[in-house]
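The values are calculated or read from the model by the stated rules, or taken from the named source; none is laboratory data. Just so you know, these numbers come straight off a predicted model, no measurement behind them. Quick reminder, even Gly has a Cβ in these numbers, built from the backbone with ideal geometry, and neighbours come from all protein chains shown.
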Amino acid sequence: MTDEPEILFEEIGRAGVITLNRPRALNALTLSMIREMHSRLLAWADESRIDRVIIRASGERAFCAGGDIRQLREWGLAGDANAIAFYREEYRLNAFIKHYPKPYVALVDGIVMGGGVGVAVHGKYFLCGERTIFAMPETGIGLFPDVGATFFLPRLPGSLGTYLALTGARLGQADLAWCGIATHSIGGAGVDRLIDDLTDGADIDEVCAHHARPPEKSTLSGLAPAIDRCFSADSLQEILARLSDEVGDHADWAAGVIAILQTKSPISLHIALRQMREGAIADFDACMRVEFRIVNRVLNGRDFYEGVRAVIIDKDNQPQWAHQSLDAVTQGEIDTYFAGLGAGELKLT
C-alpha cells in the first residue's frame, strides 16, 4: 500500500498540470481520479491565471492503460451503483475535455488504452512519445470501444477506425502520426525541456513544432489498402469473407486478423461495427450518449465479466462467450444495446 495520491495537480507558470500517479497499476483510472480531474478542470476553466492544461503520467511503462477493470468487474457483479457511476462520470469527463475552453495538451508515452485514450485524444494536442503503444482492445474483454471512440475512430483515414475497433490492433508512434491521432511525435531525450517550455507561457504551437521530430515510416500505411478493402464491408460476415479472399502480400496479415477476430466476443464485435457506422454521421455528444446506452446493457450482460475473468484475472485466455458465433447474435439483440434510456440518458451538462 502507498499513501501517494492517485492523481496530482500543480499550477506551474500559466499551466495547470495533471499527473496520473498510479504507475504500479499502469496509471489505470479510478472513480475518484475521474471525479478529482473533472473538478479541477472545471476550476481551471474559470481561472484567469491558467491558460493551458497539460496531462502527463508517472512512471515509464504507461500513460494510462484504461479504467480499473478489476474494480469495475467487482462492482458490476455485486450490483454496486459505482459501476455505472464510473462510466457516467468518465463519459462526462471525456465530453468536458472535448469542449474544454483552453488548450489541453496530452503528453503521452508508454501504454495508452481504453480510458487512457479518453483523457488524451479529445484535446487539441496529443504529443506522442517513442514508447507509445495505443489500442482500443475492448472487444477482447466483452466490452466495446468507448470513451468517445464512437466519434473519433470513424474519422480516421479510410476504414482504419473499424479495423482498430474490431481487432484492438496496437499502434506505435509512427502509425499514430500517420493516421492523425498524434498531433506531434516527440523524442524521449527532450521531454523535460518540452514540459518546461510548455509551462512557461510560450506559444504552444511553436513549442510543439520546435520539439517535434519526423516520425519513422509507418507500417500501417502499407496495410491501408487492404484494411479499406476488408473493413468497409457492411457486415462482420462480409468482412471475414473479404479477409479470406486476400491474396499476395497481405494474405498472411489477413489470416492473422481472422484468427484475432475469432477470439473476440461476438456481441462486442457486432456492437463495435454498428458504433462505427452510426458514429460516422453523429456529433460527439450524441456518440457519448450512445456509448452510455450500450454500457448500461453490457453491465447487465455476461460477456464483460467473463472476458475480464479470462484475460485479466485468471489469464487463461479462454473466455466462454454468451454466443458461440457471430451468426448466433440476432439483430434484435444488437438493437437492444442501442435503444434509448428514457429518463436515464446521459446528461453532459
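From the list Gln237, Gln173, exactly one residue is out of contact with any helix residue (DSSP H, G or I) (no Cβ under 9 Å at 6 or more places or on another chain) and either within 25 Å of Leu269 (Cβ to Cβ) or surrounded by 14 or more Cβ atoms within 10 Å (Cβ to Cβ) (or both). Which is it?
So the residue among Gln237, Gln173 that is out of contact with any helix residue (DSSP H, G or I) (no Cβ under 9 Å at 6 or more places or on another chain) and either within 25 Å of Leu269 (Cβ to Cβ) or surrounded by 14 or more Cβ atoms within 10 Å (Cβ to Cβ) (or both) is Gln173.
Scan region 176-196 residue by residue and report those that are surrounded by fewer than 18 Cβ atoms within 10 Å (Cβ to Cβ), in contact (Cβ under 8 Å) with a residue 12 or more places away in the chain and either touching a Phe, Trp or Tyr at 6+ places or on another chain (Cβ under 9 Å) or farther than 19 Å from Met113 by Cβ (or both).
Across region 176-196, the qualifying residues are Gly187, Gly188, Gly190, Val191, Arg193.
Residues in region 212-223: is at least one surrounded by 13 or more Cβ atoms within 10 Å (Cβ to Cβ), in contact with a Phe, Trp or Tyr (Cβ under 9 Å, 6 or more places away or on another chain), more than 30 Å from Phe9 (Cβ to Cβ) and modelled with pLDDT of 95 or more?
yes
Looking for something of a type outside the set (Asp, Glu), on the phi < 0 side of the Ramachandran plot and touching a Phe, Trp or Tyr at 6+ places or on another chain (Cβ under 7 Å) - is there at least one such residue anywhere in region 247-264?
no
Quick test of your reading of the structure: Pro157 fulfils all but one of (1) farther than 20 Å from Ser39 by Cβ; (2) of a type outside the set (Val, Ile, Thr); (3) touching a strand residue (DSSP E or B) at 6+ places or on another chain (Cβ under 9 Å). Name the failing condition by number.
Every condition holds for Pro157 apart from (3).
Can you tell me which residues in region 250-273 are within 26 Å of Gly344 (Cβ to Cβ), assigned to a helix (DSSP H, G or I) and more than 17 Å from the chain's Cα centre (by Cα)?
Ile267, His270
Pairs please, first residue from region 98-113 and basic (Lys, Arg) and at pLDDT 95 or above, second anywhere and surrounded by 23 or more Cβ atoms within 10 Å (Cβ to Cβ) and part of a loop (DSSP other than H, G, I, E, B), Cβ atoms under 6 Å, 6+ apart in sequence or on different chains.
Sorted first by the residue in region 98-113, then by its partner, the pairs are Lys98/His122.
Could you list, ordered by first residue, the pairs with Cβ atoms under 7 Å in which the first is in region 243-257 and modelled with pLDDT of 95 or more and the second is not in a helix (DSSP H, G or I), at least 6 apart or interchain?
The qualifying pairs are Ala254/Glu246.
Here's the yes/no breakdown for (1) aliphatic (A, V, I, L, M); (2) closer than 29 Å to Glu89 by Cα; (3) free of Cβ contacts under 8 Å to residues at least 60 places away in the same chain:
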residue	(1), (2), (3)
Glu291	no, yes, no
Val298	yes, yes, no
Glu306	no, yes, no
Arg309	no, yes, no
Ile312	yes, yes, no
Ser325	no, no, yes
Thr330	no, no, yes
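Scan region 139-173 for residues that are on the phi > 0 side of the Ramachandran plot and part of a helix (DSSP H, G or I) and jot them down.
Matches in region 139-173: none.
I'd like the full set of residues that are part of a loop (DSSP other than H, G, I, E, B) and more than 23 Å from Gly222 (Cβ to Cβ), limited to region 174-192.
Correct list: Gly187 only.
Out of all the residues in region 210-222, which are touching a residue at least 12 places away in the same chain (Cβ under 8 Å) and of a type outside the set (Lys, Arg)?
Of everything in region 210-222, those that are touching a residue at least 12 places away in the same chain (Cβ under 8 Å) and of a type outside the set (Lys, Arg) turn out to be His210, His211, Ala212, Pro214, Pro215, Glu216, Ser218, Thr219, Leu220, Ser221.
Tally time: how many residues in region 1-17 are in a strand (DSSP E or B), in contact with a helix residue (DSSP H, G or I) (Cβ under 7 Å, 6 or more places away or on another chain) and not aliphatic (A, V, I, L, M)?
Looking only at that region, the number is 2.
Against the definition (touching a strand residue (DSSP E or B) at 6+ places or on another chain (Cβ under 8 Å), of a type in the set (Lys, Arg) and on the phi < 0 side of the Ramachandran plot), how does Lys124 come out, yes or no?
Answer is yes for this residue.
Tell me, which residue of region 318-340 that is in a loop (DSSP other than H, G, I, E, B) and either closer than 19 Å to Glu291 by Cβ or among the β-branched types (Val, Ile, Thr) (or both) is farthest from the chain's Cα centre (by Cα)?
Thr330
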